[in-house]
Amino acid sequence: MTIIVITHEMKVIDQICDRVAVIDHSSIAEEGKVSEVFTNPRSAIARELILPTDRAALDTAGGRRIRLIFNGLYSQEPIISQMVLECQAPVNILFADTKEYEGSIYGHMIVELPSDQRQADKIIAWLGNSKVVWKEEN
């Protein structure tokens, strides 16, 4: 059975849909499995709808910010703990939005790296050698 739901409420889509199409100016900007689109939005309109629009949590005087993306592959691994312990560098969690779907964790988290450049570089190197999906935030 197929049901079409039109909404701006991403929580509704997350809770009841398997697939999603993001429409921008009467054209489909992006479509796919909810878990894929929500964890890695490719279009500007999807990022605007799915990722946090309240930038207040991101306006800090500390170090660089990165977005960790949880795509369901490494749900059972303590990624943040491993990163902090192995790098001997703290991070500040600024924002997190994760959900369980079919036994796996999906979503994203924004963390602030230490203002000490050496510590931040250790974390970036660790991420580069890990299986974690991440990207710099502006």
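Looking at region 85-111, I want the residues that are at negative phi and have a partner that is of a type in the set (S, T, N, Q) with Cβ atoms under 6 Å, at least 6 apart or on another chain. Which pairs are those? Once the first residue is at negative phi and sits in region 85-111, its partners that are of a type in the set (S, T, N, Q) give Ala89/Gln119; Tyr101/Ser35; Ser104/Ser75; Ile105/Ser75; Ile105/Thr98; Tyr106/Ser35; Tyr106/Thr39.
When Ala46 is tested against (1) of a type in the set (A, V, I, L, M); (2) assigned to a strand (DSSP E or B); (3) surrounded by 11 or more Cβ atoms within 10 Å (Cβ to Cβ), only condition (2) is not met.
Test Val37 against the stated conditions and say whether it is of a type outside the set (Gly, Ala, Ser), within 25 Å of Lys131 (Cα to Cα) and either at pLDDT 85 or above or in a helix (DSSP H, G or I) (or both). Answer is yes for this residue.
Only a single criterion out of (1) modelled with pLDDT of 90 or more; (2) exposed (fewer than 12 other Cβ atoms within 10 Å of the Cβ); (3) within 20 Å of Asn40 (Cβ to Cβ) is not satisfied by Glu102, namely (1).
Select from region 122-133 the residues that are open to solvent by 70 Å² or more (accessible area, probe 1.4 Å) and either touching a Lys or Arg at 6+ places or on another chain (Cβ under 8 Å) or modelled with pLDDT under 95 (or both) and write down the one among them that is farthest from Ile80 (Cα to Cα). Ranking the qualifying residues of region 122-133, first place goes to Asn129.
Only one of the numbered conditions (1) open to solvent by 40 Å² or more (accessible area, probe 1.4 Å); (2) at pLDDT 80 or above is violated by Thr53, and that is (2).
In region 58-75, which residues are modelled with pLDDT under 80 and either farther than 30 Å from Asp116 by Cβ or surrounded by 14 or more Cβ atoms within 10 Å (Cβ to Cβ) (or both)? Selection gives Leu58, Gly63, Asn71, Gly72, Leu73, Tyr74, Ser75.
The values are calculated or read from the model by the stated rules, or taken from the named source; none is laboratory data. All figures in this text were calculated on a predicted structure; none of them were measured in a lab. A quick note on method: Cβ atoms are made from the backbone with ideal geometry, for glycine too, and the neighbour counts reach across all protein chains shown. With ligands, DNA and RNA removed, areas are computed over all heavy atoms of the protein, side chains included. Shrake-Rupley method; radii C 1.70, N 1.55, O 1.52, S 1.80 Å.
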